[in-house]
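The values are calculated or read from the model by the stated rules, or taken from the named source; none is laboratory data. Since the structure is predicted, the reported quantities are computational estimates derived from the model, not experimental observations. Cβ sites come from the backbone with ideal geometry, for glycine too, and all protein chains shown count toward neighbours. For the accessible areas, the whole protein counts, side chains as well, though only heavy atoms, and no ligand, DNA or RNA atoms are used. Shrake-Rupley method; radii C 1.70, N 1.55, O 1.52, S 1.80 Å.
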Amino acid sequence: MKYEKLFTPVQISSVTIKNRFSMAPMGPLGLADAEGGFNQRGIDYYTERAKGGTGLIITGVSFVDNEVEEHGMPNCPCPTHNPVQFVRTSREMTERIHAYGAKVFIQMSGGFGRVTIPTNLGEFPPVAPSPIPHRWLDKTCRELTVEEIHKIVKSFGDGAYNAKRAGFDGIQIHAVHEGYLIDQFAIALFNQRTDEYGGSLENRLRFAKEIVEEIKSRCGKDYPVTLRYSPKSFIKDFREGALPGEEFEEKGRDLDEGIEAAKLLVSYGYDALDTDVGSYDSWWWSHPPMYQEKGLYRPYAKLMKETVDVPILCAGRMDNPDMALAAIEDGTCDIISMGRPLLADPDYVNKLRAGKVKDIRPCISCHEGCMGRIQEYSMINCAVNPQAARERYAAYTPVLRPKKVLVVGGGIAGCEAARVLAIRGHQPVLYEKGSRLGGNLIPGGAPAFKEDDIALADWYAGQLDKYRVPVHLNTTVTKEMVLEGDYDTVVIATGSTPKVFRLGDDDKVFTAADVLTGEKDCGETVVVVGGGLVGCETALHLVDQGKKVTIVEALPKILALNGPLCHANSEMLERLVPFKGIEVQCGAMVKSYADGQLNVAIDGAETQIPCDSVVLAVGYRENNSLYKELEFEVPEIYLLGDAKHVANIMYGIWDAFEVANHI
């Protein structure tokens with residue numbers, strides 16, 4: 001068994017973990033009940049990952065305090081709000097998790113401080129170690145009093161005591177990482193206090209020290225207390241983060257202090273360090289988009305492994321099993337921690353153990369269903385797995401009478417519909433006019449940083465083969481074919497086509513899809529028209545190939561429309577564009593292209609941009625003509641994906657799942 005070492009036990013204090021996989025903590029918004037316990041969604045969600053083979057489940061954050069800092073109960077679970085309710089609901093969850101041989105730690109927070117998400121902010125001013133700027137809002141935070149610090153420390157003891165009663169095997173403290181409240185105390189940029197909680201590193205870590213001491217005094221010295229820890233912040237200044245490869249002066253925690261702090265924290269009693277890097281001022285490090293390399297935390301985990309003698313957990317796009325195996329074998333870390341990959345596929349670990357690697361549904365690092373929805377809608381989900389955090393309510397519905405279902409279109413919506421129909425017991429058949437499945441995933445996945453889009457397309461092809469769905473490629477479906485096919489149900493998922501317009505010399509005007517797939521040679525100097533997500537990612541792809549690229553956008557800024565839902569993605573992309581040397585002309589209207597010159601009007605004045613070609617990335621148009629032909633001819637017909645409404649991958653998959661699960 002190639003990956004056998006990933007299935008050897010590992011010890012954290014008195015607790016033995018059956019394998020080297022943990023579920024990384026992710027915000028549990030939507031998983032709490034009205035009294036701060038876990039609701040049924042939360043119980044099912046965490047149990048499903050234990051059932052899938054994960055050795056250690058680490059819950060998303062729970063708040064031990066709701067008085068010093070409001071969190072809009074029941075925003076997240078809380079072990080101190082109503083201890084009876086918390087213990088009762090948690091006990092049901094921990095007992096179910098233990099049935100699968102897994103362990104479960106609860107992550108407990110001392111607060112968000114200056115990084116409180118605005119939608120979750122109470123009516124009182126945000127708190128912090130000192131009067132410093134809020135991360136998101138134009139507000140100055142209120143300095144915590146010593147009495148409030150002591151109150152929070154005591155709440156940690158109370159919360160841990162209740163968690164132990166509820167069956168949790170240990171605690172993770174949230175944390176001296178990412179710039180949350182306890183981390184704000186630890187970083188000199190944020191902590192300007194002159195009392196015993198400010199000044200020296202030991203004083204700035206006093207809050208974290210008192211927390212672990214309080215928990216150990218209440219729960220016993222052998223009760224595991226782990227720490228989410230960032231040895232480096234990547235902060236250039238307030239609200240300014242550094243990019244990979246950028247030279248800058250670290251204003252947060254640098255590695256020298258990160259090493260010294262790690263030694264102190266372990267000496268205080270922390271039993272493991274769950275290592276990452278970054279902060280909310282540079283939050284594309286803490287929540288890495290696809291623009292970050294895979295396994296980006298490995299050098300920092302390795303440094304911690306060489307610094308302290310407690311187990312090291314390492315997350316950060318670690319879904320490649322070969323990378324995970326190498327990290328265990330070369331001593332980079334002791335445990336592989338996965339967050340989003342376990343949203344995408346809760347059975348990841350069991351599939352790996354069984355040698356079914358190709359069955360693992362890939363995470364595409366889009367943040368649309370997880371961090372984006374947490375940020376905007378206070379609910380955790382997954383773009384590629386509609387059942388995540390909805391396991392009970394979105395369970396597959398078996399059918400009593402199988403139907404013969406025609407699926408037209410092999411993009412993500414058509415593939416997802418066919419997959420779900422086959423699992424439920426229907427008899428789908430799929431037709432695709434192109435030579436392969438995947439639709440817009442194929443051009444979208446052309447940039448090296450979008451490799452997981454191609455992996456998702458390949459996964460769908462494998463799943464349809466596994467469930468013996470007949471797939472007919474290179475076939476254009478007509479109205480007559482549908483009506484002659486004697487189908488019970490028809491699903492139209494014919495996708496969308498790129499919007500184009502004439503500029504004059506149209507032999508040198510291409511769509512982004514044509515250039516991304518290599519069907520057209522754009523030359524060495526390129527203008528990308530359109531500064532949305534497709535335009536910016538196409539520009540990055542071209543500049544990485546050595547092209548000179550200019551983006552021309554009609555709106556006042558790039559990513560003004562249809563950008564990534566999660567700001568970690570959009571903010572990193574906004575900064576990568578100039579960092580990579582891509583020129584940007586906003587507020588510019590394209591007029592014409594001739595003789596290697598693109599004529600553009602900026603504030604009413606025309607200017608010329610020399611270029612070998614023009615690449616259009618100005619959106620897509622629904623391709624729904626077949627549906628309109630059949631709308632009143634077929635009794636049961638559905639329109640899905642971009643053919644219904646041009647949207648992102650998440651809604652293409654989600655809508656297809658919803659419809660296909662109820663046919």
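The table below lists the values:
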| item | result |
| --- | --- |
| Residues within the stretch 463-484 that are touching a residue at least 60 places away in the same chain (Cβ under 8 Å), assigned to a loop (DSSP other than H, G, I, E, B) and touching a strand residue (DSSP E or B) at 6+ places or on another chain (Cβ under 6 Å), tallied | 1 |
| Near pairs, Cβ below 9 angstrom, 6+ apart or cross-chain, from the stretch 536-553 (over 15 Å from E583 (Cβ atoms) and among the hydrophobic types (A, V, I, L, M, F, W, C)) to any residue that is assigned to a loop (DSSP other than H, G, I, E, B) and modelled with pLDDT under 95 | none |
| Selection status of G445, without any contact (Cβ under 8 Å) to a residue 24 or more places away in the chain and within 25 Å of A383 (Cα to Cα) | yes |
| Count - residues of the stretch 38-67 that are under 25 Å from the mean Cα position of the chain (by Cα) and farther than 21 Å from M323 by Cβ | 19 |
| Count - residues of the stretch 231-256 that are small (G, A, S), closer than 17 Å to A568 by Cα and more than 22 Å from the chain's Cα centre (by Cα) | 0 |
| Tally of residues being free of Cβ contacts under 8 Å to residues at least 60 places away in the same chain and of a type outside the set (A, V, I, L, M, F, W, C) across the stretch 389-418 | 3 |
| Test for Y45: is it among the aromatic types (F, W, Y) and closer than 20 Å to D334 by Cβ | no |
| Test: residue in the stretch 237-245 that is touching a His at 6+ places or on another chain (Cβ under 9 Å) and not in a loop (DSSP other than H, G, I, E, B) | no |
| Number of the condition not met by R204 [criteria: (1) over 17 Å from G258 (Cα atoms); (2) open to solvent by less than 30 Å² (accessible area, probe 1.4 Å); (3) touching a helix residue (DSSP H, G or I) at 6+ places or on another chain (Cβ under 7 Å); (4) of a type in the set (K, R)] | (1) |
| Residue pairs meeting the criteria (Cβ under 7 Å; at least 6 apart or on separate chains; first modelled with pLDDT of 95 or more, in the stretch 27-55; second among the acidic types (D, E) and part of a helix (DSSP H, G or I)) | I43/E92 |
| Count of residues meeting criterion [among the acidic types (D, E) and open to solvent by 20 Å² or more (accessible area, probe 1.4 Å)] in the stretch 435-452 | 1 |
| Flag for G295 being in contact with a helix residue (DSSP H, G or I) (Cβ under 6 Å, 6 or more places away or on another chain), small (G, A, S), within 19 Å of P341 (Cβ to Cβ) and open to solvent by less than 50 Å² (accessible area, probe 1.4 Å) | yes |
| Pairs where the first residue, in the stretch 98-117, is without any contact (Cβ under 8 Å) to a residue 60 or more places away in the chain and the second is open to solvent by 20 Å² or more (accessible area, probe 1.4 Å), C-beta under 7 Å, 6+ apart | Y100/K51 |
| Of all residues in the stretch 220-230 being over 32 Å from the mean Cα position of the chain (by Cα) and not basic (K, R), the one that is most open to solvent (accessible area, probe 1.4 Å) | D222 |
| Filtered residues of the stretch 88-116 (kept if within 27 Å of R49 (Cα to Cα) and of a type in the set (V, I, T)) | T89, T94, I97, V104, I106 |
| Qualifying residue in the stretch 639-652 (condition: surrounded by 19 or more Cβ atoms within 10 Å (Cβ to Cβ), assigned to a helix (DSSP H, G or I) and charged (D, E, K, R)) | yes |
| Matching residues, the stretch 137-149, being without any contact (Cβ under 8 Å) to a residue 40 or more places away in the chain and either closer than 29 Å to K263 by Cβ or open to solvent by 10 Å² or more (accessible area, probe 1.4 Å) (or both) | L137, D138, K139, T140, R142, T145, E147 |
| Residues located in the stretch 250-260, provided they are buried (at least 20 other Cβ atoms within 10 Å of the Cβ) and within 15 Å of A301 (Cβ to Cβ) | G258 |
| Tally of residues being touching a Cys at 6+ places or on another chain (Cβ under 8 Å) and either assigned to a loop (DSSP other than H, G, I, E, B) or open to solvent by 40 Å² or more (accessible area, probe 1.4 Å) (or both) across the stretch 367-408 | 11 |
| Scan of the stretch 16-72 for residues that are at positive phi and open to solvent by less than 10 Å² (accessible area, probe 1.4 Å), ordered by number | G36, G53 |
| Criterion: within 24 Å of the chain's Cα centre (by Cα), open to solvent by 20 Å² or more (accessible area, probe 1.4 Å) and aromatic (F, W, Y) - qualifying residue of F124, F112 | F112 |
| Filter result for H81 (of a type outside the set (F, W, Y), within 23 Å of the chain's Cα centre (by Cα) and more than 28 Å from I335 (Cα to Cα)) | no |
| Residue in the stretch 601-614 that is at pLDDT 95 or above, open to solvent by less than 30 Å² (accessible area, probe 1.4 Å) and in contact with a helix residue (DSSP H, G or I) (Cβ under 7 Å, 6 or more places away or on another chain) present | yes |
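Rundown of residues vs (1) of a type outside the set (K, R); (2) open to solvent by less than 60 Å² (accessible area, probe 1.4 Å); (3) farther than 27 Å from Q375 by Cβ, yes/no style:
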site	(1), (2), (3)
L503	yes, yes, yes
L533	yes, yes, no
T538	yes, yes, no
K557	no, no, no
L565	yes, yes, no
M589	yes, no, yes
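This table checks each residue for (1) outside any strand (DSSP E or B); (2) open to solvent by less than 10 Å² (accessible area, probe 1.4 Å); (3) in contact (Cβ under 8 Å) with a residue 12 or more places away in the chain.
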site	(1), (2), (3)
R135	yes, no, yes
A160	yes, yes, yes
K164	yes, no, yes
F168	yes, yes, yes
Q184	yes, yes, yes
T194	yes, no, no
K209	yes, no, yes
E213	yes, no, yes
R218	yes, no, yes
